[in-house]
Amino acid sequence: MYILGISAFYHDSAAALVVDGEILAAAQEERFTRKKHDASFPSNAVSYCLEYAGISLNQLDAIVFYDKPLLKFERLLETYYGFAPKGIRSFIKAIPVWLNEKMFFKRLIKEELIKLDETYDPKKSKLLFPEHHLSHAASTFYPSPYEEAAIITVDGVGEWATASFCHGKGKNIEILHELQFPHSVGLLYSAFTYFLGFKVNSGEYKLMGLAPYGNANSAAVKKYVELIKSDLITINEDGSLWMNQNYFNYATGLTMVRERKWEKLFGMDQRDPESDMEQCHCDLGLAIQMVTEEIIIKMARHLKGLTGASNLCLAGGVALNCVANGKLINEKIFDNIYIQPAAGDAGGALGAALAAHHIYFGEERKVSTPDSMSGAYLGPEFSKLDIELTARKFKAKYEYFEDFEVLAKRTAAAIADGNAIGWFQGRMEFGPRALGNRSILGDARNKEMQKKLNLKIKYRESFRPFAPSVLSEKSSEYFDYDGDSPYMLIVQPVVESRRAPLPEGYKELSINDKLYFNRSDIPSITHIDFSARIQTVHKDTNYKYWMLINEFEKLTGYGLIVNTSFNVRGEPIVCTPEDAYRCLMRTEMDFLVMGNYFFSKSDQPEWLEKDNWQEEFVLD
């Protein structure tokens, strides 16, 4: 049974293919079009999934879209009616798009598929539309290693639901209750993302990275938390919340918040995206992070009481908040927690396909350990010929290593010498995190590595942290956490013994001075609050990546390295060998390793394309 899942038309479009319940392929459209968070119909991702399986559209048993468009349109109309006469400008802008395009989703999807294959006959497969939060719930429960689990999904908004509380058993998912629009944890966090000068639906992770620069015990943070709870929201004991719409504008407006009201409430101007980051911005970021963590923990306690389950599954965009995930794990409400690596809308495509397989078609579920996501390595992979053709196209010079172990030793030595390495291997990751197949690597011991990667390679804000990839069997030597984190979705503290003492007056230092203070013996991955976003690397999941880190440990005594996504600011993670080579040549990266091929930047011919990354960094 072949089932294709699709998410599209809002942000992070994707496609996923499930065959007899097995997840065969999945990818985001942005990786092919090179448009970050691409919302268009995922034509390229669909084509990839079908080609990987060796089938045509006419062989599909079902095509499943990840939400119910008409129910979403109902919410839109009822919201405008409820807030009338407010929102007329937004109404005039939104309704024609719906009437001309989105109201006719079945026709639109069929037309897009016919563009891919003119022989496609829509009558040969079912076209299904599960609800948005059911797709999220299915995306995390069905791949999880649990026969039974509580399920929480939290995001901005689906059709009406903004969070769902579910109970999964075997092949069944029961939705117990939902939090509904306009009250939303995801939209609350996005409102602060907007007010602090970041882009909604893409800058939330920047806000999460900014929050630790706040002074947790300061009067300012405590005041901001109190203002959020007294004026903006009411938090109930079950984790549900009520949001004071006098301060928000997302329901019917063209912005997230009523800026003047927020400026008066918090005593600061809305931050301009290009302005310097001040301590008040960090403190406000920490305040909303703390409030979000409180809400998520209350949700988990409530659902534990409802279900009595030992296991918890998480999905939805808010499940990508690694700091909140770490705090939730440490509360020990559940024995085990599983988080979908593509927790946002891209993962909805996978969940839609799995929901159809197990719920619509009633097929039994086979539970896999550690999960059925194949390490999230579900995207395209490229051959030796593909790499050599790219090298010929650009007249690139390289060394070829017949023995991969020799290449791993060479690469480990280059990392130890302070170089930044582009690492391109196997199948591309599904989801927002690079997990060792499309990564830029560096030495975690090098106190200059964070600055080098941010300013000379990624061309992004200097405060942004980097994550460690650590040998799974050595993780507890570096972090105060004895579990697995294969998808880089959990933040935990660096062990006390590795930390450096803070100087007197540290809390009063400027953000930049705090940033470049040597905080541990692995400074490039130790965040300002002594935490790190951990990826545990497992020998049986990604042997080549494990081998590289193992060789680095033999050389240096350290079984971890810096891992950041293989891209620059404003661009998606690289997909093809050509994407990777272009990234090498447009940045100050030192080496590129693709398959068994080793490219040294200094050996390459002069790069003739206009180097405009620094210009885009300023304008983005």
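Read-outs throughout are calculated quantities, based only on the coordinates presented, and are distinct from any laboratory measurement. It should be emphasised that the depicted structure is a prediction, and the values quoted were computed from it without experimental measurement. Here Cβ is always computed from backbone atoms with ideal geometry, including for glycine, and neighbour counts include all displayed protein chains.
So the values come out like this:
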{"read-out": "Whole-angstrom gap from region 113-149 to region 22-68, using each part's C-alpha centre", "value": "11"}
{"read-out": "Loop GluC sites (Glu not before Pro), region 113-194, which have at most 10 other Cβ atoms in a 10 Å radius of their Cβ (DSSP)", "value": "Glu118"}
{"read-out": "The chain, relative contact order in percent, only Cα pairs under 8 angstrom and at least six apart counted", "value": "16"}
{"read-out": "Fraction of antiparallel bridges per DSSP, region 384-619 only, in percent to nearest 5", "value": "75"}
{"read-out": "Value of relative contact order over region 147-260, rounded to a whole percent, pairs C-alpha under 8 Å and six or more apart", "value": "18"}
{"read-out": "Most to least packed among 422-431, 251-260 [average Cβ atoms within 10 Å]", "value": "422-431, 251-260"}
{"read-out": "Share antiparallel - DSSP beta bridges, region 2-131, percent rounded to 5", "value": "65"}
{"read-out": "Cut-off 12 Å between beta-carbons: net charge of the residues surrounding Leu17, Lys and Arg +1, Asp and Glu -1", "value": "-4"}
{"read-out": "Förster radius 22 Å - calculated FRET efficiency between Lys229 and Lys264 (Cβ-Cβ, nearest 0.05)", "value": "0.80"}
{"read-out": "Rounded to 5, the percent of DSSP beta bridges in the chain classed as antiparallel", "value": "70"}
{"read-out": "21 Å Cα-Cα reach of Lys451 towards lysines, excluding residues that sit fewer than 8 places from it in its own chain", "value": "Lys206, Lys507, Lys514, Lys601"}
{"read-out": "Relative compactness, region 2-131, computed as alpha-carbon Rg over 2.2 N^0.38 Å", "value": "1.17"}
{"read-out": "Charge sum, other residues only, whose C-beta stays under 10 Å from Leu71's C-beta, Lys/Arg counted +1 and Asp/Glu -1", "value": "-1"}
{"read-out": "Summed side-chain charge close to Phe248 - residues other than Phe248 whose Cβ falls under 10 Å, Lys, Arg +1, Asp, Glu -1", "value": "+2"}
{"read-out": "Modelled FRET efficiency - R0 22 Å, Thr369 with Glu477, Cβ distances, 0.05 increments", "value": "0.35"}
{"read-out": "Placed amide H near Ile339: partners under 5 Å, 5+ positions off or other chain", "value": "Leu314"}
{"read-out": "Inter-label distance, nm, simple model (7 Å from Cα along the C-beta direction), Ser510/Asp117", "value": "6.0"}
{"read-out": "Inter-probe distance in nm under a simple model that places probes 7 Å from Cα toward Cβ, at Phe104 and Ser47", "value": "2.5"}
